[in-house]
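Encoded as structure tokens, the structure appears first; notes follow it.
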């Protein structure tokens, strides 16, 4: 009876919640640890999801990169077409360079053949060897003469020097300068200054640096008729009278060439000169206005200078042009001719004509006591005025041991000039 009463009491207690149901409770210290431990461990489901998402992201990025590369990728046909075009361009360029080399070599061979036929009977062997050495393996001609008499000391490649009319390029600019000054195209107070290339430039710098615009302005102001009349007065467009066979008169235009009058004055368009004409013109500037007939005289034969005409050169105008020619050698386009032992005045010329580049340099040494005139004209793909000046500089250096000493020449040409050399006052 008592046992049944105990069981009934237990059931009643469970029913009203007096006794707890479940596992035994834990103490207060262990409770927070369990909670913390439970919070620190994420569900295994989230780690799996993140891994899956990262994998999908990498695959997606790879597909995007492939897609982007695919957009700019050329087809094999297009790549072949580009390769063929590049190969054809290389082939054409190599063919062009080979043609230039053949043309240059043909010019050199022709020059060598002409030089081998030069008449050496009136040549100074010492000067000739210097000129040949300086010219080297180039197509061209070198003229060396005495500016005070017209006596020719050497002409290397005589055929080219007297029988070939060459475009003068910028060596026409001293002619234009002298003509413009003589025609009073610029105010007396501003005798050498023009506005060119958006700046004020004087004649010294225009000659020294061969400013085309400056001389184009002068040419347009002067007109073709006056320009060519001055060129003819200085010996262009007519034979010099040299005693060598085959001399031609050269060419002076009667009408303005297609590129205009300015180009006649800056580049010599429409004009053809010979090396011997350029040498006699430079001699005329050097000696103060005497245009001599060039002569090749055999050793032992008497020599008498032949004066073709006396040109009145205003000393001030002559000095203005000389200053520019000296500056060309000192600081300008002809620096390669500069030599510490010689004062040199010169003018370079560079342009394209007769199917090739042309390089010219007309010069004389000992500016105030004229000694030698050296004129160089070259042709070929590498021909330039500055390299012609280099050749002339080598000639001056090589002959300086004999012709660099000016003590034996008493006559001086200065700013006042004095009497010009003629047949009666030499």
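Going by the structure shown, is residue 276 under 16 Å from residue 177 (Cβ atoms) and crowded, with 17+ Cβ neighbours inside 10 Å?
Against the criterion (under 16 Å from residue 177 (Cβ atoms) and crowded, with 17+ Cβ neighbours inside 10 Å), residue 276 does not qualify.
Specify which of the listed residues (393, 349, 362) is assigned to a strand (DSSP E or B) and under 19 Å from residue 154 (Cβ atoms).
Details: 393 fails: assigned to a strand (DSSP E or B); 349 fails: under 19 Å from residue 154 (Cβ atoms).
That would be 362, the only listed residue that is assigned to a strand (DSSP E or B) and under 19 Å from residue 154 (Cβ atoms).
Criterion first (in a loop (DSSP other than H, G, I, E, B), modelled with pLDDT of 95 or more, within 33 Å of the chain's Cα centre (by Cα) and crowded, with 19+ Cβ neighbours inside 10 Å) does residue 238 satisfy it?
No: the conditions fail for residue 238.
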Do the conditions hold for residue 323, that is, is it under 20 Å from residue 145 (Cβ atoms), touching a residue at least 12 places away in the same chain (Cβ under 8 Å) and surrounded by fewer than 21 Cβ atoms within 10 Å (Cβ to Cβ)? no
Checklist (1) in contact with a helix residue (DSSP H, G or I) (Cβ under 8 Å, 6 or more places away or on another chain); (2) part of a loop (DSSP other than H, G, I, E, B); (3) within 22 Å of residue 313 (Cβ to Cβ) applied to residue 248, failing item: (3)
Residue check: is residue 360 under 15 Å from the mean Cα position of the chain (by Cα), crowded, with 24+ Cβ neighbours inside 10 Å, modelled with pLDDT of 95 or more and closer than 21 Å to residue 399 by Cβ? yes
The condition from (1) surrounded by fewer than 24 Cβ atoms within 10 Å (Cβ to Cβ); (2) outside any strand (DSSP E or B); (3) touching a helix residue (DSSP H, G or I) at 6+ places or on another chain (Cβ under 6 Å) that residue 291 misses is numbered (2)
Unique residue being touching a residue at least 60 places away in the same chain (Cβ under 8 Å) and either surrounded by 14 or more Cβ atoms within 10 Å (Cβ to Cβ) or touching a strand residue (DSSP E or B) at 6+ places or on another chain (Cβ under 7 Å) (or both) when the list is 110, 165: 165
Can you name the condition, by its number, that residue 180 falls short on among (1) part of a helix (DSSP H, G or I); (2) surrounded by 21 or more Cβ atoms within 10 Å (Cβ to Cβ); (3) at pLDDT 95 or above; (4) in contact with a helix residue (DSSP H, G or I) (Cβ under 6 Å, 6 or more places away or on another chain)? (3)
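The values are calculated or read from the model by the stated rules, or taken from the named source; none is laboratory data. Owing to the predicted nature of the structure, the values given are computational and were not obtained by experimental measurement. Cβ coordinates were reconstructed from backbone atoms using ideal geometry, including for glycine residues, and neighbour counts include every protein chain displayed.
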